[in-house]
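Reading through the C-alpha cells given below for one structure.
Every number here is computed from the coordinates shown, using simple stated rules; none is lab data. As the structure is a computational prediction, the values presented were derived from the model and not from experiment. Cβ coordinates were reconstructed from backbone atoms using ideal geometry, including for glycine residues, and neighbour counts include every protein chain displayed.
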Amino acid sequence: MSDLIRKDASELAGLVSSGEVSAVEVAKAHLDRIAAVDGAVHAFLHVDTAGALSAAAAVDAKVKSGEKLSVLAGVPLGLKDILATNGLPTTCGSRVLDGWIPPYDATVVTKLREAGIVILGKTNMDEFAMGSSTEHSAFGPTHNPWDLDRIPGGSGGGSSACVSAFEAPLAIGTDTGGSIRQPAAVTGSVGVKPTYGGVSRYGIVALASSLDQAGPCARNVLDTAMLHSVIAGHDPMDSTSINSPVPDVIAAAKRADIKGMKVGVIKELGGEGYQAGVRSRFDESVALIESLGAEVVEVSCPSFPSALAAYYLILPSEASSNLAKFDGIRFGNRVGDDGTKSVEQVMSETRAAGFGSEVIRRIILGTYALSAGYYDAYYGQAQKVRTLIKRDFDAAFAKVDVLISPTAPTTAFKIGEKLDDPLAMYLNDVATIPVNMAGLPGMSLPIGLAPEDGLPVGLQIIAPAMADDRLYNVGAAIERELLAKWGGPLLAQAPELAGA
Amino acid sequence: MSGISQDDVAHLAHLARISIPADQLGHYADQLGAILDAVAQVSSLDTSDVPAMSHPVPMTNVFREDIPGVSLTAAQALSGAPAVEDERFRVPRILDEE
C-alpha cells in the first residue's frame, strides 16, 4: 500500500470517505514512510503513533456509521512544533521547552482534530521560528529531500520537508517573515501565508505578534486550499482575529481561470541578488501567465528595499518582549535553582542555557532597539517604514489584482553555509517580508528547477487582505499548465530517498 | 551610525536576563554591530510626515463575550511548572536576605 503516500490529500479523503481505504491504513502507510526515511530527513521532532492511529480509527468508525465527514477527514498531517498540543510535547525547537507538555490545544489544532485530520507528529523548526534554514533548531537540522546536504528552508523546514518527502500530504506552518513560503519554494511544495487575522493565533507560541500567521502546506494548490478552509475563521480567543467570512479558497482553486486579470511584477523584487535560474524560471512564469490571458504589468514599490531593515528591528523588538515569559518560573526548564540564588540569577541562567545563539542575538537586538535613546531612531523609524510599505502595496493593488515575485532569491543552500553569517541568512526572506509587514496573504508555488543546480524554484503570489482566494485561483491556473508541461508533479522528479 | 561595545552587550543581556559568559561578549558585539549597521538603513527614507504603524489590522477594544467557560484546573496550570509547592508555583527568593 506504499502508493498511498504518493496520493494527494483530496484523493486520500475520497478513498477514506467512500470506505475504499481505511484511515488507519492511510496513517500506517505514512508512519511506515516516516520510519523509513525520517532518520535521513529529520522532519519530525516527535511522532505520535498511538494518537495518529486512534484519530484514524475514530474517522473509520464514522465512515462505518455513515456520519458526514469534513473535507479532509482521515488525511495525515505534520504539525509545526510551535502550536500547542494537549498531551503532546511542544518545544518550538528550543531546549527551554524540552519536555514541556501543554495542557491545551491551539485553536488551529482543535479545528484539525474536529475535522478528523490525523496528526502524525510535531515537525522541526528553527528555534522559536527564528531562521530560514531550520539549522537553528536545538534538536539538529532538517534535511532537504531534494538533496540531503541542503537546507529545507525555515523556520518551518520540518513542515515543508515532511510534505516533499511524502511523509505527510499536509502540514501546518507559521509565517512571520516567510517561514511557510520560503521552505515551500526550496522544497518544491506549496505554502500559503493567509491574511493576518485570517487564522487564529491562539495557542501558537508568539514570535512577533503583529507579523505571525499560521497557514497550510501541501503538494498542490487544491490540497492547500482545502487545509486553508479547515483552519481559517474568526476566533474569539484571538483579539486580532478578523470577524468576517473566510474567502471561498476551494472554489477559487477549482476555478483556475485568470483570463482578463491584471498581474503586477514587483520591480524591486528580482534582478540583482537573485540566482540566474530563479530569474529564468520566474520570467517563464510571467510568459505563461500572459499566455493564459492575463495582463502583466510592472509595478514599483520604492520602499521595499528598506523592508528587510525595518523587519529586523520590528521582529526582534516584539520577540524580546514575547520571549520574556520563558524564564523557568511557570513552565519549561529551570536551571541553577540551588536554593542560594535569587530569582534574577536563576532566570538569567535558565535563559542562557535554554536559548540558542540566534535567539539570544535577536533578544539583545530587540532590547537595544526598544531602549530609551534608541527607540525613535530604530523601532519608531521601522514602524514608519512599515507604513510606507503598506502604502506601496495599496498603490499597487489600485492597479492590479495580484502581485508576483520570486519567493526566495536562491534555491536551497548547503547546510552550514550561512550559519555563522546572520546577515546573509536574513537575506533569504527579502521577498517575503514585505507581505508580513502589510498583513497580506501570499503563496509560494513550485515553478520548476533551476537549470544550474536542479533544485526547486518558487513563485510568490500576493493578494490584497482577505482576498486569499485570488492566490488559489492564480496558483491553480499556473499549476495546471506546469503539470501538463512536466507530465506530473515536480516532486515526482525528486530523487528516491534511501531506506524507502 | 552604530557600534556596540562588549559593555553594551553585557548591559543589554542583563536587562534581558540572559547570563552571557564574558568570553562570548566580543562575538555578540561584532555580530550585533554588523546587524545594526545594516538595519540603520531605515533612516535613509524620508518619514517626516509618515505615521508609525504597529499592526496590519487597526482594531481597538476587542473583547469576547463575557460568558463563563471551561478553563484550566489548578493541576493543569501547574502541570508544566519546574517547581511546585502547596498547589502554587515555587520560585527562587525574590528579596535579598537581611
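In table form, for the structure just shown:
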item: Zone residues, region A:111-140, relative to A:ALA353, backbone N less than 13 Å from point 7 Å out along Cα-to-Cβ; result: none
item: Built amide H within the under 5 Å cut-off of A:ILE117, gap 5+; result: A:GLY74
item: Of B:ALA38, B:ALA77, B:ALA29, the one that fluctuates the most in a GNM where chain B has Cα springs shorter than 10 Å; result: B:ALA77
item: Principal axis dimensions, region A:438-485 - Cα atoms, whole angstrom, descending; result: 36, 24, 7
item: Kirkwood Rh (inverse of mean 1/r, distinct Cα pairs), region A:400-459, angstrom; result: 13.1
item: Estimated 222 nm signal from helices in chain B, with DSSP H stretches of n ≥ 4 weighted -39500 (n - 2.57), rounded to 500; result: -9000 deg cm²/dmol
item: Chain B: proportion of alpha-carbon pairs further apart than 23 angstrom, %; result: 66
item: Loop-resident sites, chain B, for chymotrypsin sites (Phe, Trp or Tyr not before Pro), counting at most 12 other Cβ within 10 Å (DSSP); result: B:PHE63
item: Shielding by partners, peptide A:383-394 (average Cβ within 10 angstrom, other chains); result: 4
item: Summed residue charge, Cβ within 12 Å of A:ASN144's Cβ, Lys/Arg positive, Asp/Glu negative; result: -2
item: Where labels lie 7 Å past Cα in the beta-carbon direction, separation of A:GLU298 and B:HIS14 in nm; result: 5.4
item: Net +/- balance of residues flanking A:LEU31 in space, Cβ distance below 13 Å, scoring K and R +1, D and E -1; result: -3
item: 10 Å Cβ neighbours from other chains, averaged over peptide A:325-331; result: 4
item: Net +/- balance of residues flanking A:ARG279 in space, Cβ distance below 13 Å, scoring K and R +1, D and E -1; result: -3
item: Förster radius 51 Å - calculated FRET efficiency between B:ASP37 and A:LYS399, Cβ distance, rounded to 0.05; result: 0.90
item: Rounded to whole Å, sorted largest first: equivalent-ellipsoid semi-axes of region A:387-500, Cα gyration tensor; result: 28, 22, 10
item: Spatially proximal lysines relative to A:LYS414 (Cα-Cα < 20 Å; intrachain offsets below 8 disregarded); result: none
item: Cα-based Kirkwood hydrodynamic radius, region A:3-141, one decimal, Å; result: 15.5
item: With eigenvalues of the C-alpha gyration tensor scaled by 5 and rooted, the protein assembly as shown, Å; result: 35, 31, 22
item: Over region A:125-231, volume per residue of the alpha carbon convex hull, in Å³; result: 86
